[in-house]
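*Asks:* Below is a structure I'd like to ask you about.
The values are calculated or read from the model by the stated rules, or taken from the named source; none is laboratory data. Keep in mind it's a predicted model, so treat the numbers as computed, not measured. Cβ coordinates were reconstructed from backbone atoms using ideal geometry, including for glycine residues, and neighbour counts include every protein chain displayed.
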Amino acid sequence: MLLVLAALAQTPQVIPAPQHFEAGDGAFAIGRAVEVTTTPEDDPELARLARLVAQLLGGATDARGRSGGREVKLRIDPAASSHPEGYRLIVTHDSITVSARTGAGIFYGIQTLAQLVPGDRAGAIPSVSIRDTPRFGYRGMHLDVGRHFFPTEFVKKYIDLIAMYKMNTFHWHLTEDQGWRIEIKRYPRLTEVGAYRAETMVARNFDPYVGDGTPHGGFYTQDEIRDIVAYAAERYVTIIPEIEMPGHALAALASYPEYACTDGPFEVGTIWGVYEDIYCPTEETFAFLEHVLDEVMGLFPGTYIHVGGDEAPKTRWEESAVAQAVIRREGLSDEHELQSYFIQRIERYLTAHGRRLIGWDEILEGGLASQATVMSWRGTDGGIEAARMGHDVIMAPNSDVYFDYYQSVDRTAEPLAIGGYTPLDDVYAFEPIPDELSETDAQYILGAQGQLWTEYIKTEEHAEYMVLPRMVALAEVLWSPKATRDWESFLRRLPNQFRKLDSLGYNYRVPDVEMGLVGRTGRSGQAMEDLLTLENRVTVMMEAPVDGQIRYTTDPSLPTMAWPAYRAPVELRVDTGAVTVYARLILDSGKPGALRSTTFRKATLRPSEAIDASAVIPGLEYEYFEGELTSVNQITDIAPTTRGIATNVAFQGVEREEQFGLAFTGFFRAEEDGIYRFTLTSDDGSRFWLANVFRLDNDGLHGTMSRSGSVALARGFHPIHIRYFQAGGGRSLRLSYQVDGGDERTLSQSLFRQP
Ligand code: ACM
């Protein structure tokens, strides 16, 4: 244990954490002259990397003889690493050596060095010996420029970030319903018409629709794209362009309505979501898409071309004589097979040109194209299925790595986001290889990718806020060995990244202050819920997840710098009313974090029902419903298919895959007087009621999500009711509780019903 702690304490201030490192004696002073040499000597790639090192070290010079023997050596050496992206970095008091099999490896060694250089480029780099290789070969970040256009300078700044964290792939989502962003010479209307929309939806005003009246648009010329491709290549980043088909094609159809199944006219989308107008599978459409792909392949030298494939409603194909004729001609059984035919045909075209197709996991439906790589976004199920079929997989699940999701439960303190909840620690805990996969099948998981969809992201500052520091966490997941992943160590290394990001002009989200009660485990860092007590006073403790100063107040109208600095636990009276404490973490740089608040409330015990223990028997009654549900409330409109006795709030084994509901009724037995904190987790929606005093609302269509809340209960029986529904896709249901901040328990021993 002590050895492990000692090793952790020494982990260099580098993210992703290097695979292997050893601290040495002494340090290499920064800011003094140094000679940069390369082996081989006259290699233009190494010369470029040498210039990078020279910039990094400030005082560097390549003029022999003025360096006082201090040297930086960049060496291509096949023995340095068994992995093409691996490297060795050795820092001593008078030399820095980066060796690798390839330029990419040297580049990653330099990225590590860059993180070891003190922020002010003064001082010294402590001696260290590092051996490092990536865990995954595919380490990606995605950017949607369709919903909002981002200029080339920002795209480059985003690529810099990818490279800085040793990621190697930029997935550039270039076409959308709301904008076509890539110049195609043969089809000029794609950008003349398709790159511009009349306006953009204001916030979430779907119904009634409210537009902002402001035209929005932009596109990248082919010259700009070539420049960006070259820029990325110098940073060992491969760009995967995405040209969406057959759905998310409205901007293209607005430009060329002849490729739709109906006459149009179409307008470039202004509303977020999924449009029914998609490409029609005619010969003319395939010719158009092939011509587009010809130009795309001419611009992007990487192997992969992403063709989307997600969210393509089949309504138009069902109604189209042309589409139905293709189904008959090709002997297909339905529109899903038609989509599969569509993608397979495009795959053959790409393969014939030496490229490989990637698509979102919908390309599994109706049959997977033979060599296709699957990007699993609707959770990891699609990725698991594809890997078992022997297809390469990129894990990009919305449950873990959608960086357009909220970073806090307290949405009021965050910029408007699309929904969801993916805090930094969830990203850090993400494991790209699902447990379900055998070792053989796991080899098909090439890596993972973070997504940034930009429906609600209009500015560069906001885009950076959403990806940082979540992509930093993902970078460590993808590069560093699984066995060394350590959240506390990551948090200790984060402030150094914040300093680097400050100096490079990136915005990022400062982690939240955590608040809790002294003597009680469990904290409110993530949960926006009241903390209850039975006492007249509480002692509130706060914790900063990373270095910085906590300031707190009960009067948020005062300016933050007038709030007291937190030094020790704070005692508050709660017997005269609930007290809300507001807190912010202020980094050493002065950058403030988001406002956190927790309300502390004196609770009175809910008296138990006047029921004798001998009058109840174990278990809950449950009812099972079948139907197409989108809310737990709809359960009351349908008659149950079956009823039974449940020993826990969980699946009962009677359920079909999709479109069903469950309701549980009975009593919860509180063993003692206390504060009971319940956590309800489900995919899709659920609700939990305790008498008429307490409710947890986790309703709605969503992936696995938890809600927690506390209630003060007197010892004895309390009536409870739980409803759940499953619409489609993944499913989960779990209810657990803690008493007075103790361990989390399942309810099974505490559930009772009247006989
Ligand atoms: C997606 O989020 N529609 C891939």
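*Asks:* Anything in segment 384-423 that is away from the ligand (no atom under 13 Å from the Cβ) and touching a residue at least 60 places away in the same chain (Cβ under 8 Å)? List them, or say none.
*Replies:* 407, 408, 409, 410, 413, 414, 416, 421, 423
*Asks:* If residue 437 satisfies every condition in (1) outside any helix (DSSP H, G or I); (2) crowded, with 23+ Cβ neighbours inside 10 Å but one, which is the exception?
*Replies:* That leaves (2) as the condition not met.
*Asks:* Tell me, which residue of segment 175-189 that is touching a residue at least 24 places away in the same chain (Cβ under 8 Å) and surrounded by fewer than 24 Cβ atoms within 10 Å (Cβ to Cβ) is farthest from residue 303 (Cα to Cα)?
*Replies:* Result: 189.
*Asks:* Can you tell me which residue among 455, 488, 464 is within 16 Å of the ligand (Cβ to nearest atom) and of a type in the set (D, E, K, R)? Spell out the reasoning first.
*Replies:* Numbers: 488 fails: within 16 Å of the ligand (Cβ to nearest atom); 464 fails: within 16 Å of the ligand (Cβ to nearest atom).
When all the criteria are applied, what remains is 455.
*Asks:* Only residues that are touching a Lys or Arg at 6+ places or on another chain (Cβ under 7 Å) and either under 13 Å from residue 410 (Cβ atoms) or modelled with pLDDT under 95 (or both): list them for segment 499-516, please.
*Replies:* Hits for segment 499-516 are 512, 513, 514, 515, 516.
*Asks:* Look through segment 610-620, keep the residues that are surrounded by 15 or more Cβ atoms within 10 Å (Cβ to Cβ) and more than 38 Å from the chain's Cα centre (by Cα), and return whichever of them is nearest to residue 657 (Cα to Cα).
*Replies:* The first filter runs over segment 610-620 and keeps only residues surrounded by 15 or more Cβ atoms within 10 Å (Cβ to Cβ), leaving 611, 616, 619-620.
Of the ones still in play, those that are also more than 38 Å from the chain's Cα centre (by Cα) are 611, 616, 619.
Working: 611: 38, 616: 33, 619: 24 Å.
Ranking the qualifying residues of segment 610-620, first place goes to 619.
*Asks:* So which strands (runs of 3 or more DSSP E) stay within segment 662-754 end to end and still have 2 or more residues that are among the aliphatic types (A, V, I, L, M)?
*Replies:* Details: elements: 674-683, 686-690, 694-698, 705-713, 716-726, 732-739, 751-753.
Because the criterion is at least 2 residues that are among the aliphatic types (A, V, I, L, M), the strands (runs of 3 or more DSSP E) in segment 662-754 that meet it are 674-683, 705-713, 716-726, 732-739.
*Asks:* Quick check, is residue 348 within 16 Å of the ligand (Cβ to nearest atom), farther than 30 Å from residue 513 by Cα and surrounded by fewer than 24 Cβ atoms within 10 Å (Cβ to Cβ)?
*Replies:* The answer is no for residue 348.
*Asks:* Picking from 308, 273, which residue would you name as being modelled with pLDDT under 95, within 16 Å of the ligand (Cβ to nearest atom) and out of contact with any Lys or Arg (no Cβ under 8 Å at 6 or more places or on another chain)?
*Replies:* Exactly one residue qualifies, and that residue is 273.
*Asks:* Looking at (1) in contact (Cβ under 8 Å) with a residue 40 or more places away in the chain; (2) on the phi < 0 side of the Ramachandran plot, which one does residue 619 not meet, given that it meets all the others?
*Replies:* (2)
*Asks:* Continuing with this model, one more query. Got at least one residue in segment 738-753 being modelled with pLDDT of 95 or more, touching a Gly at 6+ places or on another chain (Cβ under 8 Å) and surrounded by 18 or more Cβ atoms within 10 Å (Cβ to Cβ)?
*Replies:* yes
*Asks:* Sticking with this structure for a sec: Could you check segment 98-129 and list, in sequence order, the residues that are within 17 Å of residue 58 (Cα to Cα) and among the hydroxyl-bearing types (Ser, Thr, Tyr)?
*Replies:* Across segment 98-129, the qualifying residue is only 112.
*Asks:* Next question, about the same structure. Given (1) more than 24 Å from residue 727 (Cα to Cα); (2) in contact (Cβ under 8 Å) with a residue 12 or more places away in the chain; (3) more than 13 Å from the ligand (Cβ to nearest atom), where does residue 438 come up short, assuming only one miss?
*Replies:* Looking at each condition in turn, residue 438 falls short on (2).
*Asks:* Could you please let me know if residue 369 is hydrophobic (A, V, I, L, M, F, W, C), within 20 Å of residue 343 (Cα to Cα), outside any loop (DSSP other than H, G, I, E, B) and more than 12 Å from the ligand (Cβ to nearest atom)? Walk me through how you get there before you give the answer.
*Replies:* On the way: hydrophobic (A, V, I, L, M, F, W, C): yes; within 20 Å of residue 343 (Cα to Cα): yes; outside any loop (DSSP other than H, G, I, E, B): no; more than 12 Å from the ligand (Cβ to nearest atom): yes.
The answer is no for residue 369.
*Asks:* For segment 680-692, indicate whether the set of residues that are over 31 Å from the mean Cα position of the chain (by Cα) and surrounded by fewer than 15 Cβ atoms within 10 Å (Cβ to Cβ) is non-empty.
*Replies:* Looking for residues that are over 31 Å from the mean Cα position of the chain (by Cα) and surrounded by fewer than 15 Cβ atoms within 10 Å (Cβ to Cβ), one finds at least one in segment 680-692, hence yes.
*Asks:* In the set 103, 109, 119, 123, which member is buried (at least 21 other Cβ atoms within 10 Å of the Cβ) and not charged (D, E, K, R)?
*Replies:* 109
*Asks:* Quick one: is residue 363 in a helix (DSSP H, G or I), within 16 Å of the ligand (Cβ to nearest atom) and either in contact (Cβ under 8 Å) with a residue 12 or more places away in the chain or crowded, with 20+ Cβ neighbours inside 10 Å (or both)?
*Replies:* Taking the combined requirement at face value, the residue satisfies it.
*Asks:* While we're here: Output the residues belonging to segment 444-467 that are in contact (Cβ under 8 Å) with a residue 40 or more places away in the chain and either surrounded by fewer than 19 Cβ atoms within 10 Å (Cβ to Cβ) or part of a helix (DSSP H, G or I) (or both). First the steps, then the outcome.
*Replies:* In the first step, residues of segment 444-467 are kept if they are in contact (Cβ under 8 Å) with a residue 40 or more places away in the chain; the result is 444-458, 460-467.
Within segment 444-467, 458, 460, 461, 462, 463, 464, 465, 466, 467 qualify.
*Asks:* Can you name the residue in segment 1-48 that is β-branched (Val, Ile, Thr) and at pLDDT 90 or above and, of all such residues, is surrounded by the fewest Cβ atoms within 10 Å (Cβ to Cβ)? Walk me through it before giving the result.
*Replies:* Taking segment 1-48 first, the residues β-branched (Val, Ile, Thr) are 4, 11, 14-15, 30, 34, 36-39.
Add one more test, that the residue is at pLDDT 90 or above, and what stays is 14-15, 36-39.
Values: 14: 24, 15: 26, 36: 22, 37: 16, 38: 22, 39: 12.
Across segment 1-48, the extreme among qualifying residues is 39.
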